[in-house]
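The values are calculated or read from the model by the stated rules, or taken from the named source; none is laboratory data. Predicted, not measured: the structure shown is a model, and the values here were computed from it. Methodologically, a virtual Cβ is constructed for each residue, glycine included, from the backbone with ideal geometry; neighbour enumeration extends over all protein chains shown. The accessibility values were calculated without ligands, DNA or RNA, using every heavy atom of the protein model including side chains. Shrake-Rupley method; radii C 1.70, N 1.55, O 1.52, S 1.80 Å.
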Amino acid sequence: MINRALMQKGAKFVVVGTLGFLTDAGLLWLTTHKAGLDPYSGRLVSFSMALLVTWVLNSTFTFKNREKRGKRQLGSYVTVQVSSFGLNYAIYSALVWLNWAAPLIALLIAALISMFYSFTTMNMWVFKDAKK
């Protein structure tokens, strides 16, 4: 069921995701155009930094989870992010490898698709309030 609180979380998730995307895209551009990395290695670097940015912002701004950031929450977050990255990277790599999209366009497409998966699993599992 979609309610006001879920819509607000979704809007905040999009803001954080946008900042994560800009981090990812900016570092992808820097690593491939300035550092000389190939688009696959560059993406591993850019995603790692974007992951850090979104973890901090999602845990403090989007979900404002009351639970302490313990091992369970960290493990759950890493699981979701690794699986989301797998989905994201597979889509990105396929689009680039098949020459269907330039790296930044492929990044955008992959990010949009994996965003829905990430939000759902984070909201229902990682940052779920224990008292609700």
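Some observations on this one:
- Rg and Dmax of region 1-98, based on Cα coordinates, read 15.2, 47 Å.
- Our helix-only sum for the chain, with -39,500 (n - 2.57) per DSSP H run of n ≥ 4 divided by its residues, gives a mean residue ellipticity at 222 nm of -24000 deg cm²/dmol.
- Heavy-atom accessible area per residue - the chain, 1.4 Å, Å²: 61 Å²
- Where the alpha-carbon atoms of region 90-129 are placed on the principal axes, they occupy 43, 13, 9 Å, in descending order.
- Proximal charge balance of LYS12 [Cβ under 14 Å; K/R count +1, D/E count -1]: +3
- Taking the longest Cα principal axis of the chain as reference, the axis of helix 39-57 is set at about 20 degrees.
- Length gained when the stretch TRP97-LEU19 is fully extended (0.36 nm per residue, less Cα-Cα span): 25.5 nm
- Sparsely packed trypsin sites (Lys or Arg not before Pro) within region 1-84, loop by DSSP, other Cβ within 10 Å at most 16: LYS64, ARG66, LYS68, ARG69
- The chain: angle of helix 4-29 to the longest principal axis, Cα-based, in degrees nearest 10: 30 degrees
- Here the extension length gained between LEU30 and SER83 equals 16.6 nm, from 0.36 nm per residue of separation less the Cα-Cα distance.
- Within the accessible area of the chain (1.4 Å probe), percent carbon and sulfur: 72 percent
- Among SER93, GLN81, THR23 the positive-end extreme of the charge dipole of the chain (Cβ point charges): GLN81
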